[in-house]
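Asker: This is the structure I want to talk about, given as structure tokens.
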Amino acid sequence: MPTPFEPGTMMPERYDLIVKGGTVATPSGIAPADVAVTAGRIAAIGALDGAAAAEVFDAGGLHVLPGAIDTQVHFREPGHEYKEDLATGTAAAALGGIAAVFEMPNTSPSTLSAEALDDKLARAKGRAWVDHAFFMGAAAENAAELARLELLPGCCGVKIFMGSSTGSLLVEDDETLLEVLKSGRRRVAVHAEDEDRLRERLEIARQGAAVAFHPEWRDEETARLATERLMALARRAGRRVHVLHVTTAEEIPLLAANKDLATVEVTPQHLTLAAPECYDRLGTRAQMNPPIRAARHREALWRAVAQGVVDVIGSDHAPHSLEEKAKPYPTSPSGMPGVQTLLPLLMDHVNAGRLTLERLVDLTSAGPARIYGIAGKGRIAVGYDADLSIVDLQAKREITADWLASKCGWSPFEGRRVTGWPVATVIRGRVVMREAELLGDPAGAPVRFWETLAPERADLRP
Ligand code: DOR
């Protein structure tokens with residue numbers, strides 16, 4: 001097959017790294033090419049025969065994808081380090097082929113201030129294996145400050161919980177929601193479940209109820225109502241919103257009608273699991289918010305992926321210890337780990353014909369970059385950060401507990417056989433993971449954004 005690439009024009013004497021002989025996903029298409037890296041950035045793409053490099057990575061038989069960006073993870077630090085921390089969570093990411101993560105604010109304390117954000121950034125320095133940014137949580141107490149807080153370096157945007165989930169963050173009434181939406185202009189990521197309806201229906205999740213009632217308590221209407229309210233409020237405020245982990249068929253037409261305003265995330269677990277089977281098999285390990293629902297919703301989410309209503313796939317990595325998960329429903333906490341299994345599951349869906357490789361790339365790199373305004377990441381292009389997820393689309397593997405790095409030590413997908421496996425993670429030109437091994441020291445850095453760009457990347461301003 002002829003390559004659409006011209007040989008690189010910026011041929012230095014010697015590159016730092018050449019990823020050689022792979023099939024590369026660039027904005028021009030997916031085709032054989034070499035990728036050369038200098039000083040952490042992509043320096044050339046093409047047939048680079050004869051070029052010298054300090055390090056050559058043989059990618060023969062492998063696909064070279066833009067470094068995947070997981071825009072929804074909960075890494076529990078500070079406050080709940082017994083189930084995850086920034087070191088173990090980012091190790092799981094790197095092992096799963098993920099190059100960058102956006103971490104959620106429902107830690108303890110919640111991320112509601114510049115001090116809390118600085119604390120997370122300081123904790124990540126020298127301990128994070130992948131690049132990272134942190135969400136600023138929205139609450140009544142910081143609503144007036146959000147326009148300033150959202151522009152702090154290392155912040156990827158604002159997160160609203162409209163329905164209560166793990167932690168204490170909640171913005172439930174229209175008045176405060178509108179105040180938050182009017183304060184600032186960056187993307188607001190929203191957990192859309194209607195708190196009033198959750199309260200009204202709490203009896204369904206009474207002590208002693210089976211976990212299979214979880215999607216009954218937090219039903220379709222709980223999600224649809226919140227998304228409908230959110231669309232109306234966001235339009236009044238003139239604010240772009242990103243609706244996280246959409247789970248129902250009923251929300252899709254609503255979101256499709258608001259594509260000028262709203263972007264959409266779905267998770268691999270909602271695309272893979274279905275009720276009631278998942279509750280029978282996994283018990284409270286399948287419990288998350290919003291819940292895993294019946295198969296008709298899963299099929300609607302796949303249609304929304306195929307038709308472009310969905311912009312991004314995030315894992316909602318939300319680890320809890322097995323001890324916590326062993327508590328009787330509904331005292332068992334909601335959430336399941338997923339950052340390490342995101343790419344294997346999606347590649348398996350590619351091999352099963354449910355997703356194209358082009359769409360996988362769009363949903364895990366270009367999509368996140370577009371939604372959050374990430375500077376210099378999200379595509380394999382000259383001048384961009386050399387972030388690469390190098391994968392073997394043919395590898396047949398089983399997801400096993402001994403491969404998992406999350407402190408929680410389990411996955412709802414243990415025992416699952418998949419076709420497609422991450423082989424290496426390259427971050428700013430450094431091979432951070434190869435063949436299930438972490439290499440070197442953790443040197444993840446804060447992700448940069450167009451709207452808060454540091455002066456040293458002024459060359460990347462639009
Ligand atoms: O199931 C969930 N778990 N949903 C959320 O919104 C939060 C998450 C967590 O932090 O445990």
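Computed from the coordinates by the stated procedures, all read-outs in this text should not be read as laboratory data. Note that the coordinates shown come from a computational prediction; the quantities given were computed from them, not determined experimentally. A quick note on method: Cβ atoms are made from the backbone with ideal geometry, for glycine too, and the neighbour counts reach across all protein chains shown.
Asker: Got the relative contact order for the chain handy, in percent, Cα pairs under 8 Å and 6 or more residues apart? Present the calculation step by step, with values, prior to reporting the outcome.
Answerer: Values: 1142 pairs, mean separation 93.7, N = 462.
Computed value for the chain: 20 percent relative contact order.
Asker: Now for a separate question. Treating only the Cβ of Lys, Arg, Asp and Glu as charged (+1, +1, -1, -1), what charge dipole size does the chain show about its Cα centre? Round to the nearest 20 debye.
Answerer: 440
Asker: Let me ask you something else. With a cut-off of at most 11 other beta carbons within 10 Å, and DSSP calling the residue loop, which chymotrypsin sites (Phe, Trp or Tyr not before Pro) in region 360-462 qualify? Please list them.
Answerer: Passing both the DSSP loop test and the Cβ count: no residue.
Asker: Rounded to whole Å and sorted largest first, list the principal axis extents of the Cα atoms in region 398-439.
Answerer: Taking the Cα atoms of region 398-439, the three principal extents are 33, 25, 13 Å.
Asker: OK, next. For residue 171, list long-range residues whose amide hydrogen, built 1.01 Å from N in the peptide plane, is under 5 Å from its own amide hydrogen.
Answerer: Residues meeting the criterion, in which the H sits 1.01 Å from N, are 161, 162.
Asker: Check residue 242: other-chain or 5+ apart residues with amide H under 5 Å from its amide H, H built from backbone geometry?
Answerer: Hits under the 5 Å cutoff: 188, 189, 190, 263.
Asker: Please name which of 252, 341, 97 has its Cα lying farthest along the dipole of the chain towards the positive end, using unit charges on Cβ (Lys, Arg +1; Asp, Glu -1) and the Cα centre as origin.
Answerer: It is 252.
Asker: Working from the alpha-carbon coordinates of region 40-84, get Rg over Rh, Rh being the Kirkwood radius.
Answerer: 1.21
Asker: Classify region 208-314 as rounded, prolate or oblate, taking a ≥ b ≥ c as the square roots of the eigenvalues of its Cα gyration tensor: rounded when a/c is under 1.5, otherwise prolate if a/b is larger than b/c and oblate if not.
Answerer: prolate
Asker: Please list, or write none, the lysines whose alpha carbon is within less than 23 Å of the alpha carbon of residue 259, excluding same-chain residues fewer than 8 places away.
Answerer: 159, 182
Asker: I've got another one for you. Would you mind estimating how fast region 364-436 diffuses translationally, via Stokes-Einstein at 10 °C and 1.306 mPa s with the Kirkwood radius over Cα pairs, in µm²/s?
Answerer: Details: Rh = 14.2 Å.
Diffusion coefficient, whole number: 112 µm²/s.
Asker: Grab the beta carbon distance between residue 204 and residue 125, set R0 = 51 Å, and tell me the FRET efficiency rounded to 0.05.
Answerer: Once rounded, the FRET efficiency stands at 0.70.
Asker: Right, here's the next one. By the gyration tensor of its Cα atoms, with a ≥ b ≥ c the square roots of the eigenvalues, what is the shape of the chain: rounded for a/c under 1.5, prolate for a/b over b/c, or oblate?
Answerer: Prolate shape, in that a/c is at least 1.5 and a/b is the bigger ratio.
Asker: Once Lys and Arg get +1 and Asp and Glu get -1 on their Cβ, which of 169, 149, 198 lies farthest toward the positive end of the dipole of region 138-286?
Answerer: The Cα lying farthest towards the positive end belongs to 149.
Asker: I'd like the Kirkwood hydrodynamic radius of region 50-168, using the inverse of the mean 1/r over distinct C-alpha pairs, in Å.
Answerer: 15.7
Asker: What ³J(HN,Hα) values, in whole Hz, does the Karplus curve 6.51 cos²θ - 1.76 cosθ + 1.60 give for region 194-202 when θ = phi - 60°, with x put for Gly and Pro?
Answerer: Karplus-based 3J(HN,Hα) across region 194-202 equals 7, 5, 4, 5, 4, 5, 4, 9, 4 Hz.
Asker: Is the shape of region 332-388 rounded, prolate or oblate, going by the alpha carbon gyration tensor and its root eigenvalues a ≥ b ≥ c, with a/c under 1.5 for rounded and a/b larger than b/c for prolate?
Answerer: Because a/c hits 1.5 or more and a/b fails to exceed b/c, region 332-388 counts as oblate.
Asker: Return a whole-number percent for the relative contact order of region 9-135, with Cα pairs under 8 Å and 6 or more residues apart as the contact set. Mind showing how you got there, number by number?
Answerer: Working: 234 pairs, mean separation 26.8, N = 127.
Worked out over region 9-135, it gives 21 percent.
Asker: Need the C-alpha centroid separation for region 282-356 versus region 97-168, integer Å.
Answerer: Centre-to-centre (Cα) distance: 22 Å.
Asker: Would you please put 190-196, 213-219 in order of how densely packed they are, using the mean number of other Cβ atoms within 10 angstrom per residue and starting with the highest? Please report the intermediate quantities before stating the final value.
Answerer: Working: 190-196: 22.7, 213-219: 21.1.
Put in order of decreasing packing, that is 190-196, 213-219.
Asker: Provide Rg and Dmax in Å for region 334-458, with only Cα atoms included in the calculation.
Answerer: 15.9, 48
Asker: Over region 298-409, calculate the relative contact order: mean separation of alpha carbon pairs under 8 Å at least 6 apart, over the residue count, as a percent.
Answerer: Reported relative contact order: 26 percent.
Asker: Then there's this: Please list 3J(HN,Hα) in residue order for region 326-337, calculated via the Karplus relation 6.51 cos²θ - 1.76 cosθ + 1.60 where θ = phi - 60°; whole Hz, with x for glycine and proline.
Answerer: Result, ordered by residue: 7, 5, x, 4, x, 6, 5, x, 8, x, 9, x Hz.
Asker: Taking residue 325 as the anchor, which aspartates and glutamates have their alpha carbon closer than 15 Å to its alpha carbon, excluding any fewer than eight residues away along the same chain?
Answerer: 84, 280
Asker: Once phi is turned into θ = phi - 60°, what whole-Hz ³J(HN,Hα) does the Karplus curve with 6.51, -1.76 and 1.60 give for every residue of region 148-154, x standing for Gly and Pro?
Answerer: 7, 4, 5, 9, 5, x, x
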